[in-house]
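A short worksheet on the structure shown next.
The values are calculated or read from the model by the stated rules, or taken from the named source; none is laboratory data. Please read these numbers as outputs of a predicted model, since none were measured by experiment. Here the Cβ positions follow ideal geometry from the backbone for every residue, glycine too, while neighbour counts run over all protein chains shown. What goes into the accessible areas is simple: the full protein's heavy atoms, side chains included, and nothing from ligands, DNA or RNA. Shrake-Rupley method; radii C 1.70, N 1.55, O 1.52, S 1.80 Å.
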Amino acid sequence: MVSQRNSFSLGDTQTFDFALAGGLSYKITKEVFVSGRYLAGLTEPKREVDIKNAVV
């Protein structure tokens, strides 16, 4: 719920993130193209939490 808040500490947060990136582009006309990219995090931002970064 939005009203519930969890306390957290930034003291054990990683300051470096290692990731793999990939993408595709398709050129429709000389000026118009469609592009998609994905970024998958390989490191964990916090030590005690099992999460990874991902960007579409």
Residue pairs within 9 Å by beta carbon, gap of at least six or interchain, first lying in the stretch 30-44 and closer than 17 Å to residue 18 by Cβ and open to solvent by 70 Å² or more (accessible area, probe 1.4 Å), second in a loop (DSSP other than H, G, I, E, B) and among the acidic types (Asp, Glu), listed first then second, are 42/17
Does residue 20 satisfy the condition of being at pLDDT 75 or above, of a type in the set (A, V, I, L, M), open to solvent by 80 Å² or more (accessible area, probe 1.4 Å) and in contact with a strand residue (DSSP E or B) (Cβ under 9 Å, 6 or more places away or on another chain)? yes
Quick check on residue 52: is it open to solvent by 80 Å² or more (accessible area, probe 1.4 Å), in contact with a strand residue (DSSP E or B) (Cβ under 6 Å, 6 or more places away or on another chain) and at pLDDT below 80? yes
Is it the case, given these coordinates, that residue 26 is part of a strand (DSSP E or B), at pLDDT 75 or above and surrounded by 10 or more Cβ atoms within 10 Å (Cβ to Cβ)? no
